[in-house]
Amino acid sequence: MRDGFIKVAAGTPQIKVADCEYNAGQIIRLMREAADQGVKVLCLPELCVTGCTCGDLFFQDTLLQGAEEALHHIWEETEELDLVTALGLPVRYRGKLYNCTAVLCGGILGLVPKTHIPTQGDCAQSRWFISGADMGNTDFCIPFAGQNTVELSAGMVFRCEEVPELTLGVVTGEDFWTAESPSIRLAQEGAAMILNPSASSETAGKAAWRRQLAAGQSARLLCGCICANAGEGESTTDLVFAGHNLIAENGGILAETRFQTGLTISEIDVGRLAFERRKTSVFRPAGQDVYPNVFSLKPETTVLTRPVAKNPFVPEDGPERRERCGEIFTIAALGLKKRLEHTRASCAVVGLSGGLDSTLALLITARAMDLLGRPRSDILALTMPCFGTTSRTRSNAQVLAERIGAQFRTVDIGEAVQVHFRDIGQSMEDLSVTFENSQARERTQVLMDIANQRGGMVIGTGDLSELALGWATYNGDHMSMYGVNGSIPKTMVRHLTAFAAGQAETSDSRLAAVLRDILDTPVSPELLPPKEGEIAQKTEDLVGPYELHDFFLYYAVRWGFSPRKVFRLALHALGGDYDRETILKWLKNFYQRFFAQQFKRSCLPDGPKVGSLSLSPRGDWQMPSDAVNTLWMKELETLACAEETEQP
C-alpha cells in the first residue's frame, strides 16, 4: 500500500450450481489464498455464492436462505483477514429479489444491487431479479447474514481509512458497460477502483470485446478496473463460462487470465490515478450524494509484480513501436511544415554534427519538405568543425546530408573561436565551461546569420532529455527558430533513427549504413579535443545514462511521483542493469539539474509536442526558474541513509 500501490486480484472459484455450502468453502479458500499473497482488494464473480445458472431455483426459499447462511459463514471465517472482498449473491428485500454484490471487510460493509437487468438473450435475468435503480440513493439498512444492520444501496463508495486514495465502487455485470453505467457516477464521487463481479458467458471473439471494454472504461474514468468472471462449475446446459478475469489501470491491461480458476493478481497505483484526476480539469466531481463507507486495512509495503517498462517512452519492440515511430515522424514534420509555410522560409538550416539529435532533426526536416512538395535541396546542412570534432562524425555528417539530398556546407569555426578567446582573455589551455560554450554559441551565430542571408529558418536539434537536464548551452544550441526534437526523449531519438535506418535498408544501403554508424557513435557535444582521434567527451559519463534519466523524467514529471517512488520503480525495472548506489546517484543528479536548469526551459523556442510529455513553458510545464529543490533532496537523503536491504 506504500507509495499508492495496492495489490488487487480478480478471482474465480470452482463452484457447484446451487451448492451454497460448497461454494462458501471455495470462496473462503480463495480469500485466504489472496490474503496470504498480500492482496488487499479481491473481486469475485457475480452470484458466485449460488452460481449464476440456477435458473428458476432462484425462486426457491431454500436456495435464498442457503445463500444468506453461506455469506454469514464466509464473513465469520474471514473477518480477521486484512482484505476487502466483493462477491455476488441473491438478496430478498420487500418481497422482491435483487442480484447483489456483498462487500466484506471484517464483516459486511454493504450490499450493492445490480441496476441494469438484462431482459433477453442468454443472460435474461429479469425473469428472477428486479433493478436496484428504483432505490435511488436511499440507504436501506436491513438485517442480513447474521448482522443486525447491513446497508443496501445502489451506488455506495467504500473508502480506506489509512489510504484515502483507495476508494472502491461496485458495478455488477452489465452495469459496467451500459450507456448509463453507474461506474461513471461512482468515479465522479471518488471511486479510484471499479470492481465488476460478472457472469458473462464465453463465445468466440467475446474476450477481445471484454478486454477493450475494461481498458477503455479505466481510461475514460481514470481508474482501475477489476473484472472477475464466472467460470468452471457453472452449468454448461447451453453456455460455457471461461473465468475471463481482467485487471486494468488508466487504459492499460495489467493482468489477464482465461479458461482457469483461481486468482489473477497485480497492483493498481491509486497514487498515479489521484495525480491524473487532479491534473485533468475535465474530470469533475459530481458532488457528495454518495456517502463513503469506511473500512480499515493494515498499511504494508506492496511487493510489485506489475510490469514496469525500462524505457517508458518507447513501446515494446514490434508493430506498435514501428507505428509509433512513423507517427512521431509525421507529427513533428507536420509541425515544421506549417512553420515553413507560415514564414515563407526559402530554406531550412540544420547544424549537422554527425550525432543522433541533429540526424533526427535532418530526417524530420526532409519529411517536412516532402510534405510541402519542395525539393530536399531546400535544406542546408551545415557542419561546423572545431576543437573537439572527430573525422568520424564529420564524415558521417557529410554522407548523411548527401544521401538525404540536402545541400552541404562546411564552416570551420576554430579560427573565429580563437579570435574570440583572445578578445575575452580565455586561454586555449583552460578547458573550462567557457571553452566549451564559446564553441556552441559560435555555431548558433553562424547558423542564424546564414539563415538570415538566405531568408531561411534554423531548425533546432536539442531533445527532451537534454532540456530536462539543462544539457545545452544557453543561447547556444539551446536556441533555434523551431525545435523539432524538443519533446522527443533521447531513448526515443535512438529508436527513431533506427527506424529510419530500417526503412532505408532496401532503398538506400549507404544511408542505412551511415545511420547505423551514427547509432554506434558515443553521444557527445564534441567540445573538448579528441584523444588519439577518438571522442574524448562522452555525455553519459558526465550526466549519467539517458536510460535512467528518461525513466526519472517520465515518472517524476509526467506522473508527479515522489523521489522515493521513482527510486522504487527504478529499482524494480532497472535493478538488474544498475545497482542501488548508481540509480540513487543519478537520481540525485537528475533532481539537482532539473531544478537548477529551469531558466533554460522558461525561454524555449517553439516546437511540436509529439508525446504525453513536453517541457514547453507555454502550457505543458510551468515552473518558476528559482524554485527550490530542498524537499526533494531531503527525501533522497533519507533513501541514501536507508539500509540496502530495506524495501524502498
With eigenvalues of the C-alpha gyration tensor scaled by 5 and rooted, the range 180-277, Å: 26, 13, 11
Derived scalar couplings ³J(HN,Hα) [the range 391-401; Karplus, 6.51 cos²θ - 1.76 cosθ + 1.60; whole Hz; x for Gly, Pro]: 5, 5, 5, 5, 5, 4, 4, 5, 5, 4, 4
Accessible surface, the chain, averaged per residue in Å² (probe 1.4 Å): 41
In range of the label at PHE59: residues from the range 113-133 whose backbone nitrogen is under 13 Å from the point 7 Å along Cα→Cβ: 127-129
Amide H within-cut-off set for GLU267, under 5 Å, with H built and near neighbours excluded: VAL8, THR305, ARG306
Base-10 log of normalised Debye intensity for the chain (one unit scatterer per alpha-carbon) at q = 0.07, 0.08, 0.11 Å⁻¹: -0.57, -0.69, -1.02
Förster radius 41 Å - calculated FRET efficiency between ASP36 and ARG516, Cβ distance, rounded to 0.05: 0.20
Residue-averaged [θ]222 nm for the chain, counting only DSSP H segments that reach four residues, each worth -39500 (n - 2.57): -12000 deg cm²/dmol
Whole-number Å³ per residue for the convex hull built on Cα positions in the range 420-467: 89
Amide H contacts under 5 Å for CYS52, placed H, 5+ residues apart: none
Cα→Cβ-extended label distance, 7 Å offset, between GLU162 and LYS96, nm: 3.9
Residue-count net charge about PHE599 - beta-carbon cut-off 14 Å; Lys, Arg +1, Asp, Glu -1: +2
Whole-Hz couplings from phi, Karplus 6.51/-1.76/1.60, listed for the range 185-190; x for Gly and Pro: 5, 4, 5, 5, 7, x
Hits among lysines - C-alpha to C-alpha of LYS114 under 20 Å, sequence gap 8 or more where chains match: LYS96
23 Å Cα-Cα threshold exceeded, pairs from LYS279/LYS585; LYS490/LYS585; LYS310/LYS585; LYS585/LYS634: LYS279/LYS585
Computed FRET value (nearest 0.05) for HIS572 with PHE283, which takes r as the C-beta separation and R₀ as 22 Å: 0.20
Of the trypsin sites (Lys or Arg not before Pro) in the range 254-362, those whose Cβ has at most 11 other Cβ within 10 Å and which sit in DSSP loop: ARG344
Separation between Cα centres of the range 431-508 and the range 199-213, rounded to whole Å: 48
Within the accessible area of the chain (1.4 Å probe), percent carbon and sulfur: 48
Summed side-chain charge close to MET428 - residues other than MET428 whose Cβ falls under 14 Å, Lys, Arg +1, Asp, Glu -1: -4
In order through the range 31-44: 3J(HN,Hα) via Karplus (6.51 cos²θ - 1.76 cosθ + 1.60), integer Hz, x for Gly, Pro: 5, 5, 4, 5, 4, 4, 8, x, 5, 10, 10, 10, 10, 10
All Cα pairs of the range 255-359, percent lying beyond 17 Å: 80
Sites LYS538 and SER395, calculated FRET efficiency, Cβ-Cβ separation with R0 30 Å, nearest 0.05: 0.95
Residues whose placed amide H lies under 5 Å from that of LEU97, excluding near-sequence neighbours: ILE130
Centre separation in Å (Cα based) which lies between the range 57-135 and the range 1-46: 16
Unit Cα scatterers, Debye sum, the range 440-555: log10 I(q)/I(0) for q = 0.10, 0.13, 0.14, 0.21 Å⁻¹: -0.37, -0.64, -0.74, -1.29
Helix 356-372 axis, angle to the chain major axis (alpha carbon atoms, nearest 10°): 80
Exposure ranking of ASP370, ASP517 by accessible area [1.4 Å probe, largest first]: ASP370, ASP517
Net charge of Cβ neighbours under 13 Å - reference GLN537; Lys, Arg +1; Asp, Glu -1: -3
Given 15 as the ceiling on other Cβ atoms within 10 Å, longest exposed-site-free region of the chain for chymotrypsin sites (Phe, Trp or Tyr not before Pro) in DSSP loops: 1-258
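The values are calculated or read from the model by the stated rules, or taken from the named source; none is laboratory data. Values in this document were obtained by computation on a predicted structure and should not be read as measured data. So basically every Cβ, Gly included, is an ideal-geometry build from the backbone, and we count neighbours across all protein chains shown. Just so you know, the surface numbers come from the protein's heavy atoms only, side chains and all, with ligands and any DNA or RNA stripped out. Shrake-Rupley method; radii C 1.70, N 1.55, O 1.52, S 1.80 Å.
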